[in-house]
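Participant: Once you've had a glance at the structure underneath, I'll fire off some questions.
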Amino acid sequence: MSKDDQVEEYRLQLLKLKQSIINEGAYNNTDDLKISSEDLPDEADIASNVIHQQVSFTIRNRLMEKLKFIEEALYRVDQGSYGICEECDEPIASKRLRTQPFTTLCITHAEELEREQKQKFRKLI
């Protein structure tokens, strides 16, 4: 399979992921973000609804972030830079692109970034 064919496969995979996020109920449905005063007779109900809202916001935020990464990957496809690590300018392994088609880093640099983030988190604790 030629490189152009592979990139086209990834582009189609990215478009399917994008469509699935856009069509997903958690992304479109805002019913769980609304709180009616009639539904909150006591403090326990209020706390439960606030926690539920926070979880819903977190899910939506992650979906929006993933959608942004997908859009950026599609842009890279159009620009001809898709599948190239942003850190070392080397090709990203096909196996990694198949499992995470919106990635911008090869596995080596992704692991390095993850280690750095863990160290920063540990310093905060």
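Participant: Of these, D31, D42, D4, D89, which one is exposed (fewer than 14 other Cβ atoms within 10 Å of the Cβ), closer than 23 Å to E111 by Cα and either modelled with pLDDT under 95 or not basic (K, R) (or both)? Steps first, please.
Facilitator: Values: D31 fails: closer than 23 Å to E111 by Cα; D42 fails: closer than 23 Å to E111 by Cα; D4 fails: closer than 23 Å to E111 by Cα.
Answer to the check: D89.
Participant: Find all pairs meeting these conditions: Cβ atoms under 8 angstrom apart; at least six residues apart or on different chains; first residue within region 94-123 and more than 25 Å from K3 (Cα to Cα); second residue buried (at least 16 other Cβ atoms within 10 Å of the Cβ) and not acidic (D, E).
Facilitator: L113/L105
Participant: Restricting region 100-114 to residues that are assigned to a loop (DSSP other than H, G, I, E, B) and not β-branched (V, I, T), which is surrounded by the most Cβ atoms within 10 Å (Cβ to Cβ)?
Facilitator: To start, the set of residues in region 100-114 that are assigned to a loop (DSSP other than H, G, I, E, B) comprises 100-106.
If we keep only those that are not β-branched (V, I, T) as well, we get 100-102, 105-106.
Values: Q100: 15, P101: 23, F102: 21, L105: 18, C106: 21.
Restricting to residues being assigned to a loop (DSSP other than H, G, I, E, B) and not β-branched (V, I, T), the top hit is P101.
Participant: Would you point out which residue out of A73, A110 is within 21 Å of L15 (Cα to Cα) and not polar (S, T, N, Q)?
Facilitator: After applying the criteria, what remains is A73.
Participant: Right, another one. Among the residues of region 80-125, what is the count of those that are within 18 Å of the chain's Cα centre (by Cα), among the acidic types (D, E) and farther than 20 Å from L67 by Cβ?
Facilitator: Qualifying residue count, region 80-125: 2.
The values are calculated or read from the model by the stated rules, or taken from the named source; none is laboratory data. What you see is a predicted model; the values in this text were computed from it and never measured. Here Cβ is always computed from backbone atoms with ideal geometry, including for glycine, and neighbour counts include all displayed protein chains.
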